[in-house]
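Visitor: I have a structure I would like to understand better, so I am pasting it below and will then ask my questions one at a time.
The values are calculated or read from the model by the stated rules, or taken from the named source; none is laboratory data. Worth saying up front: this structure is predicted, and the values here are computed from it rather than measured. We place every Cβ from the backbone using ideal geometry, glycine too, and count neighbours over all the protein chains shown. Surface accessibility is based on the protein's heavy atoms, side chains included, excluding ligands, DNA and RNA. Shrake-Rupley method; radii C 1.70, N 1.55, O 1.52, S 1.80 Å.
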Amino acid sequence: MQIVKNSVVTIHYRMFDTEGKLLDETEEPIAYLHGGYDNILPLVEEALHGKSAGDSVEVVMAPEDAFGEYEAELVRVEEKSVFPQEVAVGMVFEADDPATGDVMFFRVTEIDGDKVVVDGNHPFAGMTVRFVAKVEGVRAANDEEIGHGHVHGEHGHHH
Ligand code: ZN
């Protein structure tokens, strides 16, 4: 079957930067609910529309269509004393965004004496990415999945 609104689509993907370096790839396939549920990047969803199992798509996305522009104000310097003892470069911490109340993720990028530099940008922010996806399977979503706006079961949500 073809991918239409309210299809459950299972894909494998690989993502590259403009130099062809592999940024990310699926180990297990992921399943998403197709049709504007904000489960996947919109341009990828658009490219997959009408495709069937076995088809591949390739989408090149500018930062604003992928993981956002790099925002210098999301880089903050904090006191090391507010972090756990074992804080190290590469660790990710959650914090509430005081403006929106949303949970934000900050990556530790540098530790210098009693200061810790954290970066709230997505690791791929500011990057143009090439997203290559292969459709592994397509099925119709059930009413519960459509009601929830996401996929249940294998490769989907478990709750
Ligand atoms: Zn659900």
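Visitor: From the phi angles alone, apply the Karplus equation (6.51, -1.76, 1.60; θ = phi - 60°) to region 111-121 and give each ³J(HN,Hα) in whole Hz, x where the residue is Gly or Pro.
Guide: 10, 9, x, 9, 10, 10, 9, 10, 10, x, 6
Visitor: Per 0.36 nm of contour for each residue apart, how much would the distance between THR109 and ASP96 grow if the chain were fully extended, relative to their Cα-Cα spacing?
Guide: Extra length available between THR109 and ASP96 comes to 2.8 nm.
Visitor: Hey, can you find the accessible area per residue of the chain for me, probe 1.4 Å, expressed in square angstrom?
Guide: 59 Å²
Visitor: Defining a contact as two alpha carbons under 8 Å apart and six or more residues distant in sequence, what relative contact order in percent does region 27-159 show?
Guide: 35 percent
Visitor: Also, I was wondering about something else. Tell me the carbon and sulfur percent of the accessible area for the chain, rounded to whole percent, probe radius 1.4 Å.
Guide: Carbon and sulfur together cover 49 percent of it.
Visitor: With the crude spin-label approximation of a point 7 Å out along Cα→Cβ, what separation in nm comes out for GLU79 versus ILE146?
Guide: If labels sit at GLU79 and ILE146, their model points lie 5.5 nm apart.
Visitor: Enumerate the calculated ³J(HN,Hα) couplings along region 25-37 in order (Karplus 6.51 cos²θ - 1.76 cosθ + 1.60, θ = phi - 60°), each rounded to whole Hz, writing x wherever the residue is Gly or Pro.
Guide: Along region 25-37, the couplings run 8, 7, 8, 9, x, 10, 10, 9, 8, 8, x, x, 8 Hz.
Visitor: From the phi of every residue in region 64-70, what ³J(HN,Hα) in whole Hz does the Karplus formula 6.51 cos²θ - 1.76 cosθ + 1.60 yield, where θ is phi - 60° and glycine or proline is x?
Guide: Coupling constants for region 64-70: 5, 9, 10, 10, x, 6, 6 Hz.
Visitor: Which shape class applies to the chain: rounded if a/c is under 1.5, otherwise prolate when a/b exceeds b/c and oblate if not, where a ≥ b ≥ c are the square roots of the Cα gyration tensor eigenvalues?
Guide: Since a/c reaches 1.5 and a/b is larger than b/c, the shape of the chain is classed as prolate.
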